[in-house]
Amino acid sequence: MSKQDFKILGTRPIRPDGLDKVTGKAMFGADKSVTGMLHARILRSPHAHAEIVSIDTSKAKALPGVKAVITGADFDELKNRWTGYTSQNCMAQDRALYDGHAVAAVAAISKSIAAAALKLIEVEYNLLPHVTDVDEAMKPGAPVLHVGVKARKLGDEVSGNTVGYYSFGHGDLETGFAEADEVIERSFKTAATHQGYIEPHACLADLGSDGRGELWCSTQGHYNVRLICAEILDIEESQLRVTASEIGGGFGGKTTVFIEPVALMLSRKSGKPVKAVMTRDEVFRASGPTMSSSMDIKIGMSKDGRITAAQAKLRYQGGAFPYQMVMMGAMSAFAAYDLDHVQSEGWDVMTNRPKMISYRAPGAPMAVYAVEAVVDELCQKLELDPIDTRLKNAAREGTKSSYGPTFKAIGLVEALEAAKAHPHYSAPLAENTGRGVSCGFWFNFGGQVSVSMAINADGTVNLIEGNPDIGGSRASISMMAAEALGIPLDRIRTIVGDTASVGFSDVTDGSRVTFAVGIATINAANAAIKEMCKRAAMIWEIDEDAVEWVDGAAQPTGHNAGEFPPMSLAEIAAVSGKTGGPIAGHHEGAPDKAGVSFGVHLVDVEVDPETGFTAVKRYTAFQDVGKAIHPAYVEGQIQGGAVQGIGWALNEEYIYGEDGRLQNPGFLDYRIPVASDLPMIDPVIIEVPNPGHPFGVRGCGETAIVPPLAAVSNGVSRAIGKRMFELPMSPPKILKAIG
Amino acid sequence: MRYIVAKNSRDAVALLGAGDGAQPIAGGTDVLVQMKLSGVAPSVLVDLKKIPGIRDIVLEDGGIRIGACVSGAEMGENDALKNMWPGVVEAVELIGSTQVQGRATMVGNLCNGSPAADSVPALLAAEAIARIEGQDGQRDIPVFGLLEGPGRTKLGKGDLITSVLLPKAAKNSADAYLRFIPRTEMDIAVASAGVNLQLDEAGVVAAAKVALGAVAPTAVLVEDAAAALIGTRLDEAAVKQCAEACEKACNPIDDKRGTIEFRTKVAGVMATRAAKIAFQRAGGLL
Ligand SMILES: Cc1cc2nc3c(=O)[nH]c(=O)nc-3n(C[C@H](O)[C@H](O)[C@H](O)COP(=O)(O)OP(=O)(O)OC[C@H]3O[C@@H](n4cnc5c(N)ncnc54)[C@H](O)[C@@H]3O)c2cc1C
């Protein structure tokens, strides 16, 4: 696919949601209130694993101002198993499965009465053995979270907590390792991390006795919220209208429900609107962090840097319910390399922790971290240049990937070459400083999408998408619509519709929105263009096929060419009332040709040899994004991903005590990087167009969190002269390694 | 909960001494956070900020007196104070962020009783003296004498600190404060050190105070560490001995913020680095 000339794509217009956000006008999850509304509070288990013997809510119910109290008993009769687990995660049934698991909830006329009512609920627990570590949870004899969900292919060597097993690869490992001059085999561990969105989960639910419901919430996918809540509350989807608020970050963490079914149930019981807002403590204890991991990596390399064989064994811990995510790790682990002999296996494991949910490129960062750390160690050992070595093995168009498919046009080689040529790579290194390199990969997704576009009589355009805008989609969708229609950007206003105003749309995740909604937008624009050409043909009294759309206007073509002056979109729209009524375009579909995306990160870290403190001195991130519709947003995505990965590498971790309780449920001891911790992250956009999108778009939101873990780890390992095998590399761990 | 703005220190003492559960509030950056986290409010919150003189920084014969409600930001803008006690000011300025600095007070930091409070090691090294207004009138007590344990001080019921005196700094002397945190700001000290040095005419350490924070139930003065520096120009042996003395004085907890081993090692590192800064500030040549 050759590079195209664009008028609007690639420019950097002001963001459409900017003014509302900086002036405080934007309405986030907790910002909506209605008259007569009640406040919800949720009682949570202080135990990692306990049988709920009894719950006495009578005293709470008797407290003046309390309008409803619910427990797991209100959520029985579950039809669908998967929604059943989601429901049980929102409200425990007979067992509390992790510290923070909801066991009861109240709705009251004030927050303080609701809080007081929680203290009046008496829960009798019978403590059960718990397990929070992945390796412990996999051992036969470990306390099993749910019986009967063990992955079918597995035998007695692993416990019933092992709910998933996957294997990918090709070739013959033994042959490959025999060809190697150097084989390194290492074990790694990474801690569970949280997405760290600043806005806690919040919603306002109103479920009337007529079965009609309204739900306002902070979510990445309101159709998904509708689907799950309608199922749990046993109402028809059409009767529950869900509106997505502005969102203060999600990064995957808002792709499911936690408090929404609870608020709806409280509303149904009380007959009043109910607002529920999580505290930060609740966000940490009872939303969905990402998996922790334990991994073994073995890679063989020839003296000249060719990877001869590669093997990964990934064990992920995903919390208290069955889940599937290690597959993504097993597929991503070796995606960057063109290998003859490769195998990756993965095990999904349950523990007494909150159930995992997606976090930016879910499953990939830890797997790629472990692989890239071993690749770096091999480079060190064989005295090879880390970028040249990666170039030698890099996947390119036509490579059969380690997870099966053959790659189409991809930009890994371009990213590596850009990194090699960048001044950062050749800059001298100061004392106690190490330079780390890592590749990263993410699939990117397509999925179901609906877009509706109305051409207004004044020549402006309204566009409704069904995907919450978490990364700038209102800007990029408007830009793609303007490009497709051939009109100025300021004529277009894009909004995120509620579930009653536009068709189904999958969750905003998988870096899919600019790709999938973009395709739907282009198709919707083309539908509107077709209609406008038809109207022009009608006015000119010529054949519909004799009209073409050029630069935002209809013009006669073929033997009619030049017969009439072109009619602009505004001119056609102005008379639409007399030519057949309003003009609109819409598109529903499920595009599936999202192009995979690769990134390469370079980092210089300085380690204080006396304290183990790591300072990130310089950071450059290269990423193939296909086509950067709005480069400033794309740069923001790359920078944000890098920063989250740096946090994961250095300080972020869920810390569980012996008692199975989370010890750091807050931003003081769950340390995301603060601005002063970081240099300016320098993003370098690379554009190798995705042949599966008319404008060449690939997703760009997730790839950037994948390389930083290994890049930082490799930098630290080189700075201190000792290899590091565990994340986070908090100062005590580094100081210990230095010795 | 009742909120009362005290008109003068006698009123405040009376209010605090009267019923159970009355609590003073200065900047509120600890009090409000604690109220929110515990969900429990004191019966009476006595705001001290309107007490006459409580927000003043005054030069006296004996030194410089800092009112109990002077904020960190105000201390950071007082040149006389910064020149005389740069270590104390840098310790207070490390508290929180720009927003927190506008409210947080040094005295609130002391009275909150955290073993990791940033100003306290610096106050110990400076030999600061707190002026206390209580049921029986006014008394002056060294800050050292007020420390008791995590979340506690030796202040009695109804006792109130109205100001802190930093003694007049000796000639050729200076102080410094350093803390270790895993990030660069918005964090709690894992180990910290305040050092105050006085040099003789030859540039040799004549007097020294070394205090550590976050490595014991309260901040501690480490006499052996100070002794190791006296009579030296901070040569390698002296620095090593100082660090070892600090390590010996450590009695830290093992928790999510740092292991015993780590806190102990880093306390020595902070002390010797702070000593070098104080030494140079006092005019010493390394
Ligand atoms: C975001 C944030 C970051 C922070 N960072 C740091 C940090 O880096 N380092 C650090 O050490 N602390 C930090 N803190 C804690 C806090 O800001 C400090 O302890 C601050 O100095 C407290 O001062 P204040 O005036 O706000 O005290 P207040 O909250 O008003 O009071 C603190 C305590 O002292 C008592 N008290 C106050 N004044 C008097 C008085 N005159 N006499 C008797 N008792 C009194 C109060 O009753 C209360 O128990 C941080 C707090 C926040 C919210």
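The values are calculated or read from the model by the stated rules, or taken from the named source; none is laboratory data. Bear in mind the structure is a predicted one, so any value in this text is a computation, not a measurement. Ideal geometry is used to build each Cβ from the backbone, glycine not excepted, and the neighbour counts take in all protein chains shown. Accessible surface areas use protein heavy atoms only, side chains included; no ligands, DNA or RNA. Shrake-Rupley method; radii C 1.70, N 1.55, O 1.52, S 1.80 Å.
Legend: residue pairs A:Lys313/A:Lys593; A:Lys25/B:Lys82; A:Lys189/A:Lys381; A:Lys61/B:Lys157, Cα-Cα distance threshold 31 Å; pairs beyond threshold, A:Lys25/B:Lys82; A:Lys61/B:Lys157.
Mind checking which of A:Ala628, A:His559, A:Asn456 is farthest towards the positive end of chain A's charge dipole, using Cβ charges of +1 (Lys, Arg) and -1 (Asp, Glu) about the Cα centre? So the residue we want is A:Asn456. Here the dipole of the range A:495-547 is about 120 debye; that uses its Cα centre as origin and unit charges on the Cβ of Lys and Arg (positive) and Asp and Glu (negative).
Based on DSSP H segments of at least four residues, each scored -39500 (n - 2.57), the protein assembly as shown has a per-residue ellipticity at 222 nm of -8500 deg cm²/dmol.
Determine which residues of the range A:563-579 fall in the zone a paramagnetic label at A:Asp543 would reach in this model, i.e. backbone nitrogen under 17 Å from the point 7 Å along Cα→Cβ. Only A:563-564 pass the distance filter. Reachable lysines from B:Lys7, Cα under 16 Å, same-chain residues fewer than 8 places away excluded? Leaving aside lysines fewer than 8 places away in the same chain, those within reach of B:Lys7 are B:Lys49, B:Lys50.
In the context of the full protein assembly, A:Glu606 retains an accessible surface of approximately 70 Å², using a probe radius of 1.4 Å and ignoring ligands and nucleic acids. Among the residues of B:176-186, the average count of other protein chain beta-carbon atoms within 10 Å of the residue beta-carbon is 5.
Return a whole-number percent for the relative contact order of the range A:523-610, with Cα pairs under 8 Å and 6 or more residues apart as the contact set. It rounds to 28 percent for the range A:523-610. Each of B:Ile253, B:Cys242, B:Ala174 was scored by the projection of its Cα onto the charge dipole of the range B:173-281, and the greatest displacement toward the positive side belongs to B:Ile253; charges sit on the C-beta of Lys, Arg, Asp and Glu.
Taking the C-alpha atoms only, the angle from helix B:9-18 to the longest principal axis of chain B is near 70 degrees.
If we count every other residue with Cβ under 11 angstrom of A:Leu227's Cβ, Lys/Arg +1 and Asp/Glu -1, where does the sum land?
-2
For the range A:446-589, the Cβ-based charge dipole about the Cα centre amounts to some 240 debye (Lys, Arg positive; Asp, Glu negative; other atoms uncharged).
Solvent-free Debye calculation, one equal scatterer per alpha-carbon of the protein assembly as shown: log10 I(q)/I(0) at 0.06, 0.09 Å⁻¹ equals -0.53, -1.13.
Under 8 Å for C-alpha pairs, at least 6 residues apart: give me the relative contact order for chain A, rounded to a whole percent.
Averaging sequence separation for qualifying contacts and normalising by length gives 15 percent for chain A.
Taking 27 Å as the limit for the C-alpha separation, the pairs A:Lys153/A:Lys355; A:Lys7/A:Lys617; A:Lys617/A:Lys736; B:Lys36/B:Lys265 exceed it in the case of A:Lys7/A:Lys617; B:Lys36/B:Lys265. Going from the chain on its own to the full set of protein chains, the range B:250-270 has these residues losing 20 Å² or more of accessible surface (heavy atoms, 1.4 Å probe, no ligands, DNA or RNA): B:Lys256, B:Arg257, B:Glu261, B:Phe262, B:Lys265, B:Val269. For A:Asp156, A:Asp340, the ranking by accessible surface with the largest value first comes to A:Asp156, A:Asp340, using a 1.4 Å probe.
For chain B, the relative contact order is 16 percent, taking Cα pairs closer than 8 Å that sit 6 or more residues apart in sequence and dividing their mean separation by the residue count.
Residues A:Ile121, B:Ile129 ordered from highest to lowest accessible area at a 1.4 Å probe: B:Ile129, A:Ile121. Highest mean packing comes first when the peptides A:577-583, A:323-329, A:28-34 are listed by Cβ atoms within 10 Å, giving A:323-329, A:28-34, A:577-583. For A:Phe725, A:Phe75, the ranking by accessible surface with the largest value first comes to A:Phe725, A:Phe75, using a 1.4 Å probe. Ligands, DNA and RNA left out, the 1.4 Å accessible surface of the range A:446-589 is 51% carbon and sulfur atoms. Bridges between two residues of the protein assembly as shown, per DSSP, are antiparallel at a rate of about 80%.
Entry comment: accessible area of the range B:1-99 is 50 Å² per residue, from protein heavy atoms only and a probe of 1.4 Å. When the charge dipole of the protein assembly as shown is built from unit charges on Cβ atoms (+1 for Lys and Arg, -1 for Asp and Glu) and taken about the Cα centre, the candidate among B:Ala278, A:Val69, B:Ser163 whose Cα reaches farthest toward its positive end is B:Ser163. Excluding same-chain neighbours fewer than eight residues apart, the aspartates and glutamates reachable from A:Lys272 by a Cα-Cα span under 19 Å are A:Asp31, A:Asp74, A:Asp206, A:Asp210, A:Glu214, A:Asp234, A:Glu260. Isolated cysteines of the protein assembly as shown, defined as having no other cysteine beta carbon under 4.7 Å away, are A:Cys90, A:Cys229, A:Cys379, A:Cys439, A:Cys533, A:Cys700, B:Cys69, B:Cys111, B:Cys242, B:Cys246, B:Cys250. Extension gain for B:Gln23 to B:Val100 (0.36 nm times residue separation, less C-alpha to C-alpha distance): 25.7 nm.
The residues of the range B:173-281 expose on average 39 square angstrom of accessible surface per residue, using a 1.4 Å probe on protein heavy atoms.
What average count of beta carbons from other chains do you get within 10 Å of the Cβ of residues in A:607-616?
Mean partner shielding for this stretch: 4.
Legend: helices of chain A (whole DSSP H runs) are marked when their alpha-carbon atoms reach 27 angstrom or more along the helix axis and their mean Kyte-Doolittle hydropathy is at least -1.0; marked are A:513-540, A:631-650.
A:Lys420 exposes around 90 Å² of accessible area when a 1.4 Å probe is run over every protein chain in place. Grab the beta carbon distance between A:Glu397 and A:Asn462, set R0 = 45 Å, and tell me the FRET efficiency rounded to 0.05. That gives a FRET efficiency of 0.70. In the range B:173-281, one over the average inverse separation of all distinct C-alpha pairs is 13.5 Å, which is the Kirkwood hydrodynamic radius.
Based on protein heavy atoms only, the range A:598-739 ends up with 27 Å² per residue of surface accessible to a 1.4 Å probe. Here the simple spin-label model places points 7 Å from the Cα toward Cβ, and for A:Asp76 and B:Gln135 these points are separated by 5.9 nm.
Taking packing as the residue-averaged number of other Cβ atoms within 10 angstrom, the listed peptides B:51-63, B:15-27 run from highest to lowest as B:15-27, B:51-63. Only protein heavy atoms count here; under a 1.4 Å probe, A:Asp458 has an accessible surface of about 110 Å². Pairing chain B with chain A buries about 1800 Å² of accessible area. This figure sums both sides and uses a 1.4 Å probe. Net charge in the neighbourhood of B:Leu94 (other residues with Cβ under 11 Å of its Cβ; Lys, Arg +1, Asp, Glu -1) is -4.
Annotation for the range A:682-718 versus the range B:221-286: alpha-carbon center distance of 44 Å. Rounded to the nearest 10 degrees, the angle from helix B:260-281 to the longest Cα principal axis of chain B is 80 degrees.
The modelled label-to-label distance between A:Ser209 and A:Glu157, using points 7 Å beyond Cα along the C-beta direction, is 6.1 nm. About the centre of its Cα atoms, chain B shows a dipole size close to 500 debye [charges on the beta carbon of Lys, Arg (+1) and Asp, Glu (-1) only; nearest 20 debye]. Of the trypsin sites (Lys or Arg not before Pro) found in the range A:88-187, those that fall in a DSSP loop while having at most 16 other beta-carbon atoms within 10 Å are A:Arg152, A:Lys153.
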